Structure formats: C-alpha cells, structure tokens
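The values are calculated or read from the model by the stated rules, or taken from the named source; none is laboratory data. Owing to the predicted nature of the structure, the values given are computational and were not obtained by experimental measurement. Every residue, glycine among them, receives a Cβ derived from its backbone with ideal geometry; neighbour counts consider all protein chains shown. To get the accessible areas, we keep the full protein, side chains included, count just its heavy atoms, and leave off ligands, DNA and RNA. Shrake-Rupley method; radii C 1.70, N 1.55, O 1.52, S 1.80 Å.
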Amino acid sequence: MQLKLVKLTAAYKEQLFEMMDEWYGTGEKIIPYAIRKTDYHNFDNYAAAIEESGNSKDLVPDSTFFCLDTERNIFVGAVNIRHYLNEALLLNGGHIGDGVRPSERRKGIATRMIALALQECKKLGIDKVLMVCDKQNIGSAKSIINNGGILENEVIVDGAVKQRYWIHN
C-alpha cells in the first residue's frame, strides 16, 4: 500500500464521496472535524471550506490533507494540521487531528498517515508536535507512540479523559 497526502481537488471528488458516504453511514463522529464542518455534497463549497484557514480566538491557520492509497486510488483517511496552538488546542486538539475511514482501520494506516503529517509539520517549522486522543482510543494512542509520541499527561475535557502526547519532530 502506497500512501501520500494530497490536497483536495476536483480530480479527487469521487474518492471523497466514497469515503465520506462510508463514514457517515456508520453514524460515528468523523475526525478530523475539518472534513465534516461543511456538507461535502456541494463539492465546490466543500473544497473552498477545506482551504479556508481560520485566524480568530477559536481558530488558527490550518492545512487539511487527504490520505490517498495510490495503488487502489482511494482515500483512506485525512489529517488536519494546525500551524500553531491556541489555549484550547493546547489542552485538547493539538497540532494534528487524524482519522481513518472505518473500512481501512487496523491496517497500520494511522501510523503511516501521522508520519506523513509530521513531514508536513516539519515544512511548517513545527519541531515539537502535540497530539491528543481519548484515553479509550488505544489504536490512536499506539499510532502516536509509534511515531515517537511521549505521554505528557491526561486531562479531563467535557467528562472524557484525554491523553496529551508530544512528538519531537
């Protein structure tokens, strides 16, 4: 399986629809938030919203990439990279938000996708990367640890225990 991070263009409309249809079909919360903040059925609006980069109290500049399996020509997941952290992201969110589509989980994709996202962080000059996951999400924690993540602490956010990991990039 050959994976690469790509920006969303019209050339990937079919791959986007297949992945999002599958993901929404499960009824689970899609992560990263950046890929569910707008209805993907209106592709032009969606593509523009993906490229919008916030700069307010709650939003920071970010970059969203989709993870393409070039051998099968399908999207297997997505990452959202926050260029710096505000107070909210420092507590819960971190620099990288990532998600793997349901049918592609438990194949090592998250570990490889995070490694690719870390390369993008390096291009942005982010040398110390924070990643956060739910304590009960053992797969996510393993993917972070596999990329050098060191657990700093656990915090409670909205009643859920979150684990905060730092990766020296």
- Lone qualifier among GLY93, GLY97, GLY108, GLY149 - being modelled with pLDDT of 95 or more, on the phi > 0 side of the Ramachandran plot and not polar (S, T, N, Q): GLY108
- Here, strands (runs of 3 or more DSSP E) confined to the range 1-88 with at least 2 residues that are aromatic (Phe, Trp, Tyr), modelled with pLDDT of 95 or more and surrounded by 12 or more Cβ atoms within 10 Å (Cβ to Cβ) are 62-69
- Note on the range 89-108: residues assigned to a helix (DSSP H, G or I) and open to solvent by 30 Å² or more (accessible area, probe 1.4 Å) are LEU90, LEU91, PRO102, SER103
- Item | Scope the range 109-138; condition surrounded by 14 or more Cβ atoms within 10 Å (Cβ to Cβ) and in a helix (DSSP H, G or I); matching residues | ILE109, ALA110, THR111, ARG112, MET113, ILE114, ALA115, LEU116, ALA117, LEU118, GLU120, CYS121
- Message: Yes or no: the range 145-157 includes at least one residue that is within 22 Å of ILE30 (Cα to Cα) and of a type in the set (D, E, K, R).
- Response: no
- Among what's in the range 144-169 and is in contact with a helix residue (DSSP H, G or I) (Cβ under 6 Å, 6 or more places away or on another chain) and open to solvent by 40 Å² or more (accessible area, probe 1.4 Å), pick the residue that is nearest to GLU120 (Cα to Cα). ASN169
- Item | Residues that are farther than 18 Å from ALA34 by Cα and in contact with a helix residue (DSSP H, G or I) (Cβ under 9 Å, 6 or more places away or on another chain), drawn from the range 73-103 | ASN73, ILE74, SER103
